[in-house]
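> Take a look at the following structure, please.
The values are calculated or read from the model by the stated rules, or taken from the named source; none is laboratory data. Just so it is clear, the model here is predicted, and its values are computed rather than measured. So basically every Cβ, Gly included, is an ideal-geometry build from the backbone, and we count neighbours across all protein chains shown. What goes into the accessible areas is simple: the full protein's heavy atoms, side chains included, and nothing from ligands, DNA or RNA. Shrake-Rupley method; radii C 1.70, N 1.55, O 1.52, S 1.80 Å.
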Amino acid sequence: EGGRGGDVWLVAQERATLKSVKERHPRKRFVAASGANSSVRALKGEKGKDCEVRVPVGISVLCEDGKQIGELNTTGERCLVARGGLGGSLATNFLPCKGQKRIVHLDLKLIADVGLVGFPNAGKSSLLSKVSHAKPQIADYAFTTIKPELGKIMYADYKQISVADLPGLIEGAHANRGMGHKFLKHVERTKQLLLVVDVSGFQLSVKTCFRTAFETILLLTKELELYKEELLRKPALLAINKMDLPDAKDNLNELMKQLQNPQDFLHLLPEKVIPESTIKFKDIIPVSTYTGEGIEELKTCIRKSLDEEAEKANDDYQKKKLLLLQTSG
């Protein structure tokens, strides 16, 4: 009997990048070795050598039709993308079978503990530079961030939390307007959301509507909901930025009233901005990236929220483990 053909695997490697994969394999074609023939010494031929492709952590592997084959979220994880064919045997009339042939797409999504979500010019880049050691580009025009920036919050007990500043959403992002899906796909891989809004409201340009802080929160919620509803089930915090501006305290008081009873104010808004469900924020923190107000409190809230969720996940795991032991016993 002939040996089975080798398989093609994707293997997550810490320092790999999509650029390095492309440079190392310019033809973008990966072929595993054929199985060996049988011989006098071995009546069954050896299996062909597998082909292993090193890819970055955070990869989603998709078929041509967009269906997901698998994900690689930790170093060393493997994903089988094409299986080798059977060798010639009595079952195949001693003719070898061809292995799988597949075209796959590798989609890299940023993995972070916290994702900053907000409209352009909400102050996300400034906030990232205040809470972490990251040095993102900061300017007074709307689209400063054109690709995700990653920073780490360092705590006194050496705990590190990764925070991603994701490119600013615009209305219609769910339908791939603006940065669209390039932004929203990264939100899927963050453990928690930190919505950042300007306390004075937001207007992208003179041709677009002015949105109050309350409308901004609803619109952000709507975009996340329309892209993928389960994003709203992620734990979320709200940072109300630019508290150094005139009338900021009055605007904050008004916003807090609206957030306490959102249903009482929805009838005042256009129907297209109202989401099916609203986000319940674990904490609402007023901040100013200019004066530093609320920054330390925000860092504490982020840590507390992540620790609570980790503890909850651990409790759930222990309960499942106990249930499994009881049923097997």
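> Would you kindly derive the ³J(HN,Hα) couplings of region 310-326 from the backbone phi angles with the Karplus curve 6.51 cos²θ - 1.76 cosθ + 1.60 (θ = phi - 60°), listing them in order in whole Hz, with x for Gly and Pro?
Residue by residue, region 310-326 yields 5, 5, 5, 5, 5, 4, 4, 5, 5, 5, 5, 4, 5, 4, 5, 5, 5 Hz.
> Let me ask you something else. For the chain, give me the percentage of DSSP beta bridges that are antiparallel, rounded to the nearest 5 percent. Mind showing how you got there, number by number?
Details: 20 of 43 bridges.
In the chain, DSSP labels about 45 percent of beta bridges as antiparallel.
> Please give every one of the aspartates and glutamates within straight-line cross-link reach of Lys19, meaning a C-alpha to C-alpha distance under 15 Å, and leave out same-chain neighbours fewer than 8 residues apart.
Asp107
> Lysines within cross-link reach of Lys47: Cα-Cα under 26 Å, excluding same-chain residues under 8 positions apart?
Qualifying lysines at Cα under 26 Å: Lys28, Lys98, Lys101.
> What ³J(HN,Hα) values, in whole Hz, does the Karplus curve 6.51 cos²θ - 1.76 cosθ + 1.60 give for region 258-267 when θ = phi - 60°, with x put for Gly and Pro?
Those phi angles translate into 5, 6, 5, 9, x, 4, 6, 10, 5, 5 Hz.
> How big is the charge dipole of the chain about its Cα centre, in debye rounded to the nearest 20, if each Lys and Arg gets +1 on its Cβ and each Asp and Glu gets -1 on its Cβ?
Values: 50 positive and 42 negative charges, 401 e Å.
Computed charge dipole of the chain: roughly 1920 debye.
> Leaving out ligands and nucleic acids, note down the accessible area per residue over the chain with a 1.4 angstrom probe, in whole Å². Mind showing how you got there, number by number?
Values: 19400 Å² over 329 residues.
It amounts to 59 Å² per residue over the chain.
> Straight-line reach from Lys152: which aspartates and glutamates have Cα under 18 Å away, leaving out those fewer than 8 places along the same chain?
Those aspartates and glutamates meeting the cut-off are Glu14, Asp113, Asp165, Glu296, Glu297, Asp307.
> Taking R0 as 45 Å, what's the FRET efficiency between Asn253 and Glu77 from their Cβ-Cβ distance, rounded to 0.05? Working shown, then result.
On the way: r = 49 Å, r/R0 = 1.09.
With a Förster radius of 45 Å, E is 0.40.
> Quick one: if the Förster radius is 22 Å, what FRET efficiency do Phe265 and Phe210 give, using the C-beta to C-beta distance and rounding to 0.05?
Details: r = 16 Å, r/R0 = 0.74.
Approximately 0.85, to the nearest 0.05.
> Could you pull out every residue, at least 5 positions away or on a different chain, whose amide H is within less than 5 Å of the one on Val287? Hs are placed 1.01 Å off N in the peptide plane, and Pro or chain starts have none.
Ile240, Asn241, Lys242, Met243
> Extension gain Cys63-Lys159, at 0.36 nm per residue separation less the Cα-Cα distance, in nm?
Details: separation 96, 0.36 × 96 = 34.56 nm, distance 3.82 nm.
Residue separation times 0.36 nm, minus the Cα-Cα distance, leaves 30.7 nm.
> Per residue of region 272-278, in order, report the coupling 6.51 cos²θ - 1.76 cosθ + 1.60 (Karplus, θ = phi - 60°) as ³J(HN,Hα) in whole Hz, putting x for Gly and Pro.
Ordered by residue, 3J(HN,Hα) equals 5, 9, 8, x, 5, 9, 9 Hz.
> List the trypsin sites (Lys or Arg not before Pro) within region 188-270 that fall in a DSSP loop (any state other than H, G, I, E or B) and whose Cβ has at most 11 other Cβ atoms within 10 Å. Please report the intermediate quantities before stating the final value.
Numbers: sites: Arg189, Lys191, Lys207, Arg211, Lys222, Lys228, Arg233, Lys242, Lys249, Lys257; in loops: Arg189, Lys207, Lys228, Lys242.
Answer by residue number: Lys207.
> Show me the ranking of peptides 84-91, 119-126, 269-276, 53-60 by mean Cβ neighbours inside 10 Å, starting with the highest. Display every interim value, and only then the final one.
Details: 84-91: 17.4, 119-126: 23.2, 269-276: 12.6, 53-60: 18.9.
Put in order of decreasing packing, that is 119-126, 53-60, 84-91, 269-276.
> Enumerate the amide H contacts of Gly70 below 5 Å, restricted to partners 5 or more residues apart or on another chain; note that Pro and chain-start residues carry no placed amide H.
Under 5 Å from the amide H of Gly70 lie the amide H atoms of Val61, each far enough along the sequence or on another chain.
> Continuing with this model, one more query. Determine the alpha carbon to alpha carbon distance for each of Lys124/Lys257; Lys67/Lys124; Lys124/Lys159 and list only those over 30 Å. Please list the in-between numbers first.
Details: Lys124/Lys257 24 Å; Lys67/Lys124 33 Å; Lys124/Lys159 22 Å.
Check vs 30 Å cut-off fails for Lys67/Lys124.
> Take the Cβ-Cβ distance between Thr17 and Thr291 as r, set R0 to 35 Å, and report the resulting FRET efficiency rounded to the nearest 0.05.
Numbers: r = 38 Å, r/R0 = 1.09.
Efficiency, rounded to the nearest 0.05: 0.35.
> Something else about it: Considering amide H positions built from the backbone, and no H for Pro or chain starts, which residues 5 or more places from Thr190, or on another chain, come under 5 Å of its amide H?
For Thr190, the qualifying residues are Ala112.
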